[in-house]
Amino acid sequence: MNIIRTTIASIITLFVSTIAIAETIKVATVNNGDMIRMQGLTNEFTSKTGINVEWVTLEENVLRQKVTTDITTKGGQFDVLTIGTYEVPIWGGKGWLNELNFSASYDVDDLLPAIRSGLSIDGKLYAAPFYGESSMIMYRKDLVAKAGMTMPQRPTWGEVYDIAKAITEGNDGVYGACLRGKPGWGEGGAFITTVANAFGGRWFDENWNPQMDSPEWNAAVSFYVDLLQNYGPPGASSNGFNENLALMNEGKCGMWIDATVAASFVTNPDQSKVHDKMAFAQAPCAVTCKGSNWLWAWSLAIPGGSKKVDAATKFIDWATSKDYLELVASKEGWANVPPGTRTSLYQNPTYLSEAPFAEMTLNAINTADPSFNGTLKKKPYMGVQFAAIPEFQGIATSVSQQISSALAGKITVEKALKNAQKIAAKEMKKAGYTK
């Protein structure tokens with residue numbers, strides 16, 4: 001009897017110890033398609049490591065607000081953050097992120113140089129890219145042909161306008177152009193910045209003076225508002241990435257200019273009603289092509305407040321590895337793997353044959369220039385669709401709200417830009433950039 005009791009006690013002790021050893025990490029992420037897919041594959045990670053994952057999935061603007069608040073207050077609410085190329089150098093430089101150290105098998109050198117450099121400080125990696133992107137045109141080749149038009153490989157915004165007009169006028173219930181208008185520095189703000197860049201604009205001059213009242217910004221925003229009000233969908237001022245993706249996949253858009261990562265969704269027969277009618281072109285230019293296509297990576301990072309760094313590192317290693325790409329490919333095909341992170345992916349003949357957008361995506365990423373010379377007139381900040389300074393997030397969100405109001409017809413473009421200039425000038429003076 002004593003032997004039986006001892007045995008039972010040992011089993012209970014082992015069971016309790018196993019429960020105690022099991023870890024759960026909390027991951028904050030954006031509600032984009034690739035992240036939703038990753039959540040569906042989490043059991044693969046848990047079965048491999050014994051580490052459980054609790055997900056907090058949020059709309060883009062809400063995610064940014066939540067993780068920014070958490071990391072600046074050292075709240076320690078999350079173990080893994082989904083953040084972007086804007087946050088990493090700023091937060092990493094302040095010591096708010098843990099440096100990432102992976103084993104040799106991870107192959108850090110395989111990361112695309114343009115993507116890796118934006119996530120590193122002094123050669124040290126502070127976030128690992130889940131997917132990388134630039135921006136491009138995704139368009140209905142059948143509707144362009146029906147309209148008697150031709151889409152150049154790199155059109156001007158004027159050519160885009162003409163094509164959008166022809167598509168809208170020739171097809172009931174189809175809008176010529178679907179573009180972001182939702183407020184938020186990373187939503188409509190990111191998109192309108194690339195339009196302003198193409199029209200010769202920049203956020204700040206070399207002395208950090210805001211440029212919202214410049215002729216270039218006026219021309220860009222006036223064009224954008226005109227295009228969407230005439231040939232875009234109703235309620236465009238509320239549409240961001242996911243809303244426009246839904247419209248495109250329903251066959252409601254003649255073209256959509258947005259993140260290259262969307263290409264796998266609009267060509268997926270399980271998601272898109274027009275998957276076999278899609279074609280691609282580089283983002284439009286205007287007076288210049290400089291800064292007309294953005295550069296971004298949604299990446300995974302470990303906040304300094306996490307108490308589970310080892311487990312969090314294992315998760316990031318898994319989710320951004322070559323093996324993860326192969327896992328997705330085995331279940332959903334190579335065309336649906338997260339793009340824009342690894343050189344080896346663009347050397348994979350199967351991927352190149354299955355993903356008609358692969359070459360266009362790589363070209364867009366490699367030609368995006370976040371440097372000080374990345375706009376027609378030199379700028380004092382790094383970044384294409386953002387300025388890599390801490391104050392930008394608040395300033396650009398407020399500016400995007402003004403532009404969204406103009407798009408909605410609540411105020412004029414002139415009033416919106418006047419308000420935007422005042423907001424930006426006040427904040428830049430307050431922060432000590434200007435006098």
Given the structure, is GLU216 open to solvent by less than 20 Å² (accessible area, probe 1.4 Å) and not hydrophobic (A, V, I, L, M, F, W, C)? no
Subset of the range 277-329, residues within 26 Å of GLU159 (Cα to Cα), in contact with a Gly (Cβ under 8 Å, 6 or more places away or on another chain), open to solvent by 30 Å² or more (accessible area, probe 1.4 Å) and not basic (Lys, Arg), comes to ALA286, VAL287
Scan the range 269-281 residue by residue and report those that are touching a residue at least 60 places away in the same chain (Cβ under 8 Å) and touching a Ser or Thr at 6+ places or on another chain (Cβ under 8 Å). MET278
If I go through the range 220-235 residue by residue, how many of them are more than 18 Å from ILE163 (Cα to Cα) and without any contact (Cβ under 8 Å) to a residue 60 or more places away in the chain? 2
Looking only at the range 260-285, and only at residues there that are touching a helix residue (DSSP H, G or I) at 6+ places or on another chain (Cβ under 6 Å) and in a strand (DSSP E or B), the one that is nearest to THR193 (Cα to Cα): CYS285
I'd like the full set of residues that are in a helix (DSSP H, G or I) and hydrophobic (A, V, I, L, M, F, W, C), limited to the range 195-235. VAL195, ALA196, ALA198, TRP217, ALA219, ALA220, VAL221, PHE223, VAL225, LEU227, LEU228
Quick one: which of GLY123, GLY170 is farther than 30 Å from ILE83 by Cα and open to solvent by 30 Å² or more (accessible area, probe 1.4 Å)? GLY170
Return the residues of the range 40-64 that are part of a helix (DSSP H, G or I) and surrounded by fewer than 17 Cβ atoms within 10 Å (Cβ to Cβ); say none if nothing qualifies. GLY40, ASN43, GLU44, THR46, SER47, LYS48, THR49, VAL62
Extreme residue, farthest from the chain's Cα centre (by Cα), among residues of the range 173-182 that are within 15 Å of ASN244 (Cβ to Cβ), open to solvent by 10 Å² or more (accessible area, probe 1.4 Å) and of a type outside the set (Lys, Arg): VAL174
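Which helices (runs of 4 or more DSSP H) does the range 83-181 wholly contain that include 1 or more residues that are farther than 30 Å from THR343 by Cα and among the hydroxyl-bearing types (Ser, Thr, Tyr)?
In the range 83-181, 157-170 are the helices (runs of 4 or more DSSP H) which contain 1 or more residues that are farther than 30 Å from THR343 by Cα and among the hydroxyl-bearing types (Ser, Thr, Tyr).
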Counting just the residues of the range 20-39 that are of a type in the set (Gly, Ala, Ser) and out of contact with any helix residue (DSSP H, G or I) (no Cβ under 6 Å at 6 or more places or on another chain), which one comes out surrounded by the most Cβ atoms within 10 Å (Cβ to Cβ)? ALA22
Taking the range 95-104 and the residues there that are touching a residue at least 40 places away in the same chain (Cβ under 8 Å) and at negative phi, the one that is most open to solvent (accessible area, probe 1.4 Å) would be ASN101
Under 7 Å between Cβ atoms, at least 6 apart or on separate chains: pull out the pairs that start in the range 65-94 with a residue that is among the hydroxyl-bearing types (Ser, Thr, Tyr) and open to solvent by less than 10 Å² (accessible area, probe 1.4 Å) and end on any residue that is modelled with pLDDT of 95 or more and part of a loop (DSSP other than H, G, I, E, B). TYR86/GLY383; TYR86/PHE386; TYR86/ALA388
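In the list MET278, MET255, which residue meets the criterion of being over 20 Å from PRO339 (Cα atoms) and among the hydrophobic types (A, V, I, L, M, F, W, C)? Talk me through it step by step, then tell me what you get.
Numbers: MET278 fails: over 20 Å from PRO339 (Cα atoms).
Only one candidate passes the filter, namely MET255.
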Select, from ALA368, ALA425, the only residue that is open to solvent by 30 Å² or more (accessible area, probe 1.4 Å) and modelled with pLDDT of 95 or more. ALA425
Give the residues of the range 404-430 that are within 13 Å of PRO210 (Cα to Cα) and touching a residue at least 24 places away in the same chain (Cβ under 8 Å), sorted by residue number. LEU417, LYS418, ALA420, GLN421, ILE423, ALA424, ALA425, GLU427, MET428
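The values are calculated or read from the model by the stated rules, or taken from the named source; none is laboratory data. Predicted, not measured: the structure shown is a model, and the values here were computed from it. Positions of Cβ are generated from backbone atoms using ideal geometry, with glycine treated the same way; all protein chains shown enter the neighbour counts. Accessible surface areas use protein heavy atoms only, side chains included; no ligands, DNA or RNA. Shrake-Rupley method; radii C 1.70, N 1.55, O 1.52, S 1.80 Å.
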